[in-house]
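Have a look at the structure below before the remarks.
The values are calculated or read from the model by the stated rules, or taken from the named source; none is laboratory data. For clarity, every value in this text was computed on a predicted model and none was experimentally measured. Cβ: placed from backbone, ideal geometry, glycine included. Neighbour counts: every protein chain shown.
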Amino acid sequence: MLLRIRVRLPDRPGSLGRVARTLGAAGADVAQMAVLERGDGRALDDFTVGWPAGAAPGPLHDGLASVPGVEVLGIWPTGEPCGAFPDAAVIGQVAAVPERGAEILADAVPAILSAGWAGLAEVGADGAAALVYASVGGAAPAELPALAPVRPRSFTAPDGAHFALCPLSGGPLSTSAVILVVSRTGAPPFHRTEVLRLEQLAGAAGAVLSAGLPLAP
């Protein structure tokens, strides 16, 4: 299985290598690494690692926490996006089947952003949100929290679930706004770079769907 690991570490030569060696010593196979931010002598990095199915991640946490200056912010399960360039692959799928473009995007987002589920929601003029499509294999809540204001952003709901959302364009939005919403639990909040990635995906999909095809069932 794949795990996503978010750590804050000193931004100096050797720190990244020490983290990678620690992961390897614990038995993890590093598949990907992304730098989320750097500043004030610290860096925030996400690692995607292969880990034996069913094995507890405790050795990973303990090993990383023992490295001087390293702070473990979260370890949680993630999916494997399709293709070497998953964002481009998803937009290609949207273009190939535009009548299901928004649903294809929602199904792909959880793996891309290491989330539990994603969906399409309508937010009416009164601010009420209604889920009109939930990603395959996800566990969407029975009721959505308030999603207004409808703009690219992230927030944490009262129950502790983390959300990120972004408006979609390319469909009839005269009476309601169709938005792409994604959520995860047991993991850190969505970073601003993840919100930006969601916004870029939604923008690219909206451009493909700009002929006026429906965004939701």
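The table that follows gives values for the structure above.
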| item | result |
| --- | --- |
| Residue among Ala130, Ala118, Ala140 that alone is over 18 Å from Leu2 (Cβ atoms), part of a strand (DSSP E or B), among the small types (Gly, Ala, Ser) and touching a strand residue (DSSP E or B) at 6+ places or on another chain (Cβ under 8 Å) | Ala130 |
| Failed item in (1) touching a strand residue (DSSP E or B) at 6+ places or on another chain (Cβ under 9 Å); (2) farther than 15 Å from Val178 by Cβ; (3) free of Cβ contacts under 8 Å to residues at least 40 places away in the same chain, with Leu147 passing the rest | (2) |
| Filter result for Gly24 (within 26 Å of Pro81 (Cβ to Cβ) and outside any helix (DSSP H, G or I)) | no |
| Some residue of the range 204-211 being closer than 25 Å to Ala95 by Cβ, modelled with pLDDT of 85 or more and buried (at least 23 other Cβ atoms within 10 Å of the Cβ) | yes |
| Selected residue (criterion: farthest from Pro77 (Cα to Cα)) from residues of the range 1-21 that are part of a helix (DSSP H, G or I) and among the basic types (Lys, Arg) | Arg18 |
| Of the criteria (1) in a loop (DSSP other than H, G, I, E, B); (2) acidic (Asp, Glu); (3) surrounded by 19 or more Cβ atoms within 10 Å (Cβ to Cβ), which one Asp107 fails | (1) |
| Pairs where the first residue, in the range 184-200, is part of a helix (DSSP H, G or I) and modelled with pLDDT of 95 or more and the second is among the charged types (D, E, K, R) and surrounded by 19 or more Cβ atoms within 10 Å (Cβ to Cβ), C-beta under 7 Å, 6+ apart | none |
| Restricting the range 146-171 to residues that are in a strand (DSSP E or B) and either surrounded by 15 or more Cβ atoms within 10 Å (Cβ to Cβ) or modelled with pLDDT under 90 (or both), the residue that is farthest from the chain's Cα centre (by Cα) | Pro167 |
| Val181, sole failed condition from (1) within 17 Å of Ile104 (Cα to Cα); (2) touching a residue at least 60 places away in the same chain (Cβ under 8 Å); (3) part of a loop (DSSP other than H, G, I, E, B) | (3) |
| Members of the range 39-94 that are surrounded by 15 or more Cβ atoms within 10 Å (Cβ to Cβ), more than 18 Å from the chain's Cα centre (by Cα), of a type in the set (A, V, I, L, M) and not in a helix (DSSP H, G or I) | Ala43, Val67, Val70, Val72 |
| Subset of the range 24-38 [touching a strand residue (DSSP E or B) at 6+ places or on another chain (Cβ under 6 Å) and either of a type in the set (A, V, I, L, M) or within 21 Å of His191 (Cβ to Cβ) (or both)] | Ala28, Val30, Ala31, Gln32, Met33, Ala34, Val35, Leu36, Glu37 |
